[in-house]
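The numbers here are math on the coordinates, done by the rules we state, and not lab data. Everything numeric here is computed off the predicted structure, so don't read it as measured data. Note that each Cβ is placed from the backbone with ideal geometry, even for glycine, and that neighbours are counted across all protein chains shown.
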Amino acid sequence: MEPEGIAWLSAGLCMGLAVIGAGYGIGRLVAAALDAVARQPEAQGGIQRLMLLGVAFVEALCLYALVIAYMLVGKE
Amino acid sequence: MHEIPRTVLFPLRVFGLDLSVTNEVVLLWLAGAATVAVALPGCRRRGPLQAVFEALLEFTTRQLAPAGGGAGARFLAPFLVTLFFFVLFSNLLSVVPVPAFFKAATANVNVTAALAVLVFVLSQILDFRHNGVRGYFRKFCPGDTPVWASVFLFPIELISRLARPFSLAFRLFANMFAGHAVLLLFLTLLAGARLLLAPFPLVAAAAMMFFEIAVCFLQAFVFTILAALYLREALEPGHGG
């Protein structure tokens, strides 16, 4: 298989694997946040803020993989 | 890949550096102007506009309060609020639908890197001034770490500190760049779609647009709150020893 084919394949694999991790992480985060709000509804504002902060971290990791995928595909 | 091109409006070379005025440069100026415009009503005499600005300020500082320090770090509030609004407007200007000119200035890694370096340099300077050279290095190995552990801890801590501006820059850049690349992808799909199939990419593009706007706000917030966290940590004196 020529290198370009391998590059495209690995780009797809890269993103696929990264999103698995990110999806699981964000799912756990949101679930924990929902639990916390259920226990203490008046803390919703602070919990929501913390959740968004955590989600941004996890999402950033996934986006690093996206940029690697872009680089693999060869443009940008 | 899919990216709104960087059009050079006014070529300018200074000492061998390419400082041409591109559309991104103009967008950064617009973002700066918008930030100042938001702040100006707050500086005038008391009136309804000033109250609006104060409410905005109050809201932002309240959001940032958990990360920023207590009374000692209050002087950083104007910087952080300015940072927030600047990043926010830079992100949001990408929504304007003028073809081939408006894009997110922050979708350029150089822009986000500049902002991250700004925060990093500020935090290091504050650390040195507040804690002294000895205190600065004291913070690498907190408390009573035995000497052998310090040998391991020091490089790890050093790398982790150096990685922060990178992650800060990259997070904002990747979020803005990827979001708009996906949006342009959907629009390309829409451009090539048959009439009956057209609603699908159209709905997807519209939904993506909403999500993008939310991401603009969220990423501006995250950038600022992390900056607040790093700055507060720089101002902290090292734990005992």
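What list of ³J(HN,Hα) couplings, whole Hz, do you get for region B:77-87 from phi and the Karplus terms 6.51, -1.76, 1.60, once you set θ to phi - 60° and write x for glycine and proline?
4, x, 4, 5, 5, 4, 4, 4, 5, 5, 5
What residues qualify as long-range amide H neighbours of B:V21, i.e. H under 5 Å apart, gap of 5 or more or another chain, H built at 1.01 Å from N?
When sequence neighbours closer than 5 places are left aside, the close amide H contacts are B:L9, B:F10, B:L12.
In what sequence do B:H180, B:H130 fall when counting other Cβ within 10 Å, fewest first? Could you put the intermediate results ahead of the total?
Details: B:H180 20, B:H130 14.
With the sparsest Cβ surroundings first, the list reads B:H130, B:H180.
Given R₀ = 51 Å, FRET efficiency for A:L61-B:R134 by Cβ-Cβ distance, to 0.05?
Numbers: r = 36 Å, r/R0 = 0.70.
For A:L61 and B:R134, the calculated efficiency is 0.90.
Taking θ = phi - 60°, what integer Hz values does the Karplus form 6.51 cos²θ - 1.76 cosθ + 1.60 yield along region B:117-130, in sequence order, with x for Gly and Pro?
5, 4, 5, 5, 4, 4, 5, 5, 4, 4, 4, 4, 5, 8
Could you order the peptides B:103-110, B:75-82 from most to least packed, using the average number of other C-beta atoms within 10 Å per residue? Show your work: numbers first, answer last.
Numbers: B:103-110: 22.8, B:75-82: 16.4.
In decreasing order of mean packing, B:103-110, B:75-82 become B:103-110, B:75-82.
Peptide A:49-58: average number of partner chain Cβ atoms within 10 Å per residue?
Numbers: counts 6, 1, 0, 5, 8, 1, 2, 11, 4, 0.
Per residue, the number of nearby Cβ atoms from other chains is 4 on average.
Read phi for every residue in region A:3-16 and hand back ³J(HN,Hα) as whole Hz from Karplus 6.51 cos²θ - 1.76 cosθ + 1.60, θ = phi - 60°, with x for Gly and Pro.
Per residue, the Karplus-derived 3J(HN,Hα) values read x, 5, x, 5, 4, 4, 4, 5, 5, x, 4, 4, 5, x Hz.
Mind ranking B:112-124, A:11-23 by how tightly packed they are, going by the mean number of other C-beta atoms within 10 angstrom, highest first?
Working: B:112-124: 18.7, A:11-23: 14.4.
Result, highest mean Cβ count within 10 Å first: B:112-124, A:11-23.
Just round it to a whole percent: the fraction of Cα-Cα distances in region B:188-241 exceeding 15 Å.
Values: 956 of 1431 pairs.
For region B:188-241, the share of Cα pairs beyond 15 Å comes to 67 percent.
Taking Cα atoms, how many degrees apart are the long axis of helix A:44-73 and the longest axis of chain A, rounded to 10 and kept between 0 and 90?
Roughly 0 degrees between the two axes.
Could you tell me the ratio Rg/Rh of the protein assembly as shown? Both radii from Cα atoms, Rh via Kirkwood.
1.00
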